[in-house]
Amino acid sequence: MSLIKSISGIRGTIGGQVGEGLTPIDIVRFSAAYAKQRRQAYSLSNTIVVGRDARTSGEMVDKLVCGTLMAMGYNVVNIGLAATPTTELAVVGEKAAGGIILTASHNPKQWNALKLLNEKGEFLNDAEGKEVLAIASQEDFLFAPVEEVGKMVTKDYLPYHVQQVLQLSLVNTEAIKKRQFTVAIDCVNSVGGLAIPAMLKALGVENIIELNCTPNGLFPHNPEPLPQHLTEISNLLKGNKADVGFVVDPDVDRLAIICENGEMFGEEYTLVSVADYVLSHTPGSTVSNLSSTRALRDITNAHGCSYSASAVGEVNVVAQMKSTHAVIGGEGNGGVIYPACHYGRDALVGIALFLSNLACQNKSVSELRDSYPQYCISKNRIDLTPDTDVDAILERVKSYYHNEQINDCDGVKIDFSDGWVHLRKSNTEPIIRVYSESTTLEKANQLAQQVITMINGR
């Protein structure tokens, strides 16, 4: 059994001993701590929004969370089966004090989690998250008397979400309708099965091939949208049955794209393509995290605009985007953040902007992919012992490569002329993650091994 507590929420496997798995006691404790933190941080609303993905433990977790929030004196707007970005928009739509998303994102079915939002529909920052953790550890809760117990209402916010996307000035429904795309989708039997068809139909896409779109939480394959898990939709595209394929994770904040020939567009290039389209109409700065592809920087510079990198994590990307007034940003895992809609990763926004871009160009999806800078990322690791001094290792790396461009806002990233290497300590495993990128996978591997060899003193 596993239970991971962090500033972004609580995540664990269902069942087991209290404190060792995601048990009812842990769920109630953490929900109460969040309610207390929200009361202290934002007293202008007495409402909290709750939404969930379709995993099989969701109904049980939902009842515990909503009941606890009501017991803490909050009114609950329960939006039921809903994408993470839908819940984020609902918080703003309800003028709520915050929101809780019940999803373990790309984790397998035995996992679930509580992800915590502030009154802006954005993830709690570092200080707020630490407050929740501190309150949960103290169990200093004051539950409401019977006269002040909250009420719960249910609402469907998907139509609102779709409408918010349609209203974006760069979403070109006329061009999309004119192209008469055939689109294949794999929604891993979660809430994408509700959200993605609704979005595509609203965009004017009439020909939709649906794979795994029953929101029952029975994931037909590993739910993380990586190439090795997407053979079914890839084989379908290889048969010339669709112009493009879209794949989302269980909570629909990540978007993977499949080319018309069945090849992967590449999760890293979801943001690159959307950013290229956005910058061609609305020049401005862009942001991605340190472990994302250099292609976004190249595209941004080609448009005469400025790029900057943030620490890994959506909350860090959003903070950097706000400080630089970025017009587009996100993460290399297929997470598109478009402030014109909201500050959160959103696959519906990504699909609408990508199809608008594709519709306005006389290119296939593979031709569009080939028009971007070509990079490959390699992902490696260094296993740690209890005695390993990670800070000392990172300082040694900085010193050794002092003649290269260094960014140490999150671990250490070394920018070479032909690629980069990013080292950072994992928050969930006793390892140092070593990500590298270059123009070929072989070169990316060589860069990573060069740094690893230096660390090991060989």
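Only the coordinates and a few stated rules stand behind these numbers; no lab work does. These numbers come from a predicted model, not from an experiment. Here the Cβ is made from the backbone with ideal geometry for all residues, glycine too, and neighbour counts use every protein chain on show.
The figures follow:
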| quantity | calculated |
| --- | --- |
| Separation between Cα centres of segment 76-131 and segment 230-305, rounded to whole Å | 25 |
| Cleavage-rule hits, trypsin sites (Lys or Arg not before Pro), segment 104-186, DSSP coil, Cβ neighbours within 10 Å at most 13 | LYS151 |
| Share antiparallel - DSSP beta bridges, the chain, percent rounded to 5 | 60 |
| Charge sum, other residues only, whose C-beta stays under 11 Å from THR293's C-beta, Lys/Arg counted +1 and Asp/Glu -1 | -3 |
| Net dipole in debye of segment 376-456 [+1 Lys, Arg Cβ; -1 Asp, Glu Cβ; about Cα centre; nearest 20] | 140 |
| P(r) weight above 26 Å for segment 282-405, C-alpha pairs, percent | 33 |
| Cα-centred dipole magnitude for the chain, charges only on beta-carbon of K, R (+1) and D, E (-1), debye, nearest 20 | 360 |
| Globularity ratio of the chain, using Cα Rg and 2.2 N^0.38 Å | 0.98 |
| Isotropically averaged projected area of segment 376-456, using the convex hull of Cα atoms (one quarter of hull area), nm² | 5.0 |
| Segment 3-156 shape via C-alpha gyration tensor axes, a/c threshold 1.5 | rounded |
| Under 17 Å, Cα to Cα: Lys pairs in segment 49-165, sequence gap 8 or more or different chains | 7 |
| Gained length - VAL28 relative to CYS409, 0.36 nm times residue gap less alpha-carbon distance | 133.7 nm |
| Given charges at Cβ of Lys, Arg, Asp, Glu: segment 161-370 dipole, positive-most of SER306, MET199, PRO227 | SER306 |
| Calculated P(r) of segment 135-214 - Cα pairs past 15 Å, % | 70 |
| Excluding exposed DSSP-loop GluC sites (Glu not before Pro) (at most 14 other C-beta within 10 Å), longest clean stretch of the chain | 207-403 |
| Segment 3-156 - charge dipole about Cα centre, Lys and Arg +1 at Cβ, Asp and Glu -1, debye rounded to 20 | 180 |
